[in-house]
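Taking it in order: structure first as structure tokens, then the write-up.
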Amino acid sequence: MGSFGRGVQAVPVVDREDEARLRGAGSRNLKLAYNFVVTHLVGLLCLPLLAALAVELGRRYIREDLLQLSQTAWQRLQEPLVLRAAAAAVSALITVALIFFLTRPRTVYLVDFACYRAPDELRTPFSKFVNHSRLSGFFDESSLEFQRKILERSGLGEETYFPPALHSLPPRPSMAAAREEAEQVMFGALATLFENTRVRPKDIGILIVNCSLFNPTPSLSAMIVNKLDLRSNILSFNLGGMGCSAGVIAIDLAKDLLQVHRGTYALVVSTENITQNWYFGNRKAMLIPNCLFRVGAAAVLLSNRGSDRRRAKYRLVDAVRTHLGADEAAFRCVYQEQDDAGKTGVSLSKDLMAIAGSALRRNITALGPRVLPLSEKLLFLCVEIARRSGRRMAPYVPDFKLAFEHFCIHAGGRAVIDELEKSLSLSPTHVEPSRMTLHRFGNTSSSSIWYELAYIEAKRRVRRGHRVWQIAFGSGFKCNSAVWEALQNVNPTPGNPWMDCIDKYPVELVFPESQNSTADGPAPRS
């Protein structure tokens, strides 16, 4: 900025935003320096001591003394008592090493994953959504206007996908159409996964499928066993009714099973079914899911084979699950029910964001001690001691950016992403994968965190040693986390759903000004 006048030279000045940015950068650098010192404190303290010890030993012991000392030690070792003691010590060490090796947790590797990309003819621009809703005859003008405003402010783009049944006029939400959607998305993702990994379906020992709202008989997992001709002794699980966080639950279940069953693969398929779960009524709390949920699925291949480490993309560091179902308000905040006209839908409570915030706090309280560096643990401890001693201080929110390079926040809606960006003090780059996934693919439920990881890979941002935090929220009410560590510099694999459009992203998101917008779900309460 500058001040210009006739015959007066412009004098540049720094505006308030620049000052705030400089202060923030200085504070950030100071914190990084503090984190480095605390993390490497032992090494920094020991280094001069070791150097002084080496100098002193070099001064006191000349070469001949060292040679004589070694000869004396060798003579002592040849004495029978010393030999027996040495043998006993070696045996004890071997026994301890064997016990440790046999009882240590098995490393779970993420070999690869694949996300379903729907064909272009299933794209649903806003205009098509509104026109079909109007022509269907199920919605009154107030509901149509409400849905239009939700779409404009939701963070979704014009290229998200609906299943074939909802492109028909009138819509045909039948059991057959729902099965058709399930087969299309699951086997689409699985075909890409098996092609990229070259793993035979017969090698799969564990199969876990999660889909919250569509649970036919035979189950979706049985559908995969039948289609892929999986082996008869496969451990098969079908998780239903567990909401958008069920993908992390499936990963955690697979981790536990891989601790017991040696040398096998676990296949996790996360999806949601829209065809039979479209709401055809006029209750506004039930109309929001219509505008947010879209077609999607992810297939994830996990392994506990040591031979897979070379080609695996990540290893599972930890998984933490938080369940608030014992609280009635949390239990009912995302609730499938019928409206007064008998139409079934999922109702979202106005307390949803407050409950999600509470679930997040409990989850990161459990996760933090496992992943945060020592510097953050010390700061947290000091603040807690000061608060409990009577000083009025705000609780310290740890800087999770020191523990993770990448964040995959469930793309449940704009409000969810905004709230976590604010609560965790994240930068726009950290939440970029979530915002862009919501824009390009919509809320694909439990698979959204995998579309986000696919985005980060397509941008070629994952380097060896980087850690990824996947955070998902779901009905019940649940908040679940999974932490992964990259074992290599990860490049996008063939079939990555972003590859033909990644250069267009990130896009700028512009929203109409509104007061108390419910476009992305209930607004958080102050």
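Please determine whether any residue of the stretch 219-238 is in contact with a Gly (Cβ under 6 Å, 6 or more places away or on another chain), under 26 Å from Leu324 (Cβ atoms) and modelled with pLDDT of 95 or more. Can you show your working first?
Restricting attention to the stretch 219-238, the residues satisfying the condition of being in contact with a Gly (Cβ under 6 Å, 6 or more places away or on another chain) are none.
Checking the stretch 219-238: not a single residue is in contact with a Gly (Cβ under 6 Å, 6 or more places away or on another chain), under 26 Å from Leu324 (Cβ atoms) and modelled with pLDDT of 95 or more.
Screening Leu438 with (1) among the aliphatic types (A, V, I, L, M); (2) more than 12 Å from the chain's Cα centre (by Cα); (3) under 28 Å from Pro369 (Cβ atoms); (4) open to solvent by less than 10 Å² (accessible area, probe 1.4 Å) gives one miss only, at (3). Would you confirm whether any residue within the stretch 324-340 is crowded, with 18+ Cβ neighbours inside 10 Å, hydroxyl-bearing (Ser, Thr, Tyr) and in contact (Cβ under 8 Å) with a residue 60 or more places away in the chain? No - not one qualifying residue is present in the stretch 324-340. Kindly establish whether Asn489 is on the phi < 0 side of the Ramachandran plot, surrounded by fewer than 18 Cβ atoms within 10 Å (Cβ to Cβ), at pLDDT 95 or above and part of a loop (DSSP other than H, G, I, E, B). In short, yes. Of all residues in the stretch 203-213, those satisfying the criterion of being more than 18 Å from His261 (Cα to Cα) and either without any contact (Cβ under 8 Å) to a residue 24 or more places away in the chain or not small (Gly, Ala, Ser) (or both) are Val209, Asn210, Cys211, Leu213.
Selection over the stretch 205-229 of residues that are open to solvent by 10 Å² or more (accessible area, probe 1.4 Å), over 22 Å from Gly296 (Cβ atoms) and of a type outside the set (Val, Ile, Thr) gives a count of 3. Within the stretch 230-241, restricting attention to residues that are of a type in the set (A, V, I, L, M) and open to solvent by less than 50 Å² (accessible area, probe 1.4 Å), the residue that is farthest from Ala472 (Cα to Cα) is Leu230. Hey, among the residues in the stretch 248-302 that are under 19 Å from Asn238 (Cβ atoms) and charged (D, E, K, R), which one's surrounded by the fewest Cβ atoms within 10 Å (Cβ to Cβ)? Restricting to residues being under 19 Å from Asn238 (Cβ atoms) and charged (D, E, K, R), the top hit is Asp256. Taking Val317, is it aliphatic (A, V, I, L, M), touching a Lys or Arg at 6+ places or on another chain (Cβ under 9 Å) and open to solvent by 30 Å² or more (accessible area, probe 1.4 Å)? Yes, satisfied.
The values are calculated or read from the model by the stated rules, or taken from the named source; none is laboratory data. Predicted model, so just to flag it, every value in this text is computed and none were measured. As a convention, Cβ positions derive from the backbone with ideal geometry for all residues, glycine included, and neighbour counts pool all protein chains shown. We work out accessible area using only protein heavy atoms, side chains counted, and drop any ligands, DNA or RNA first. Shrake-Rupley method; radii C 1.70, N 1.55, O 1.52, S 1.80 Å.
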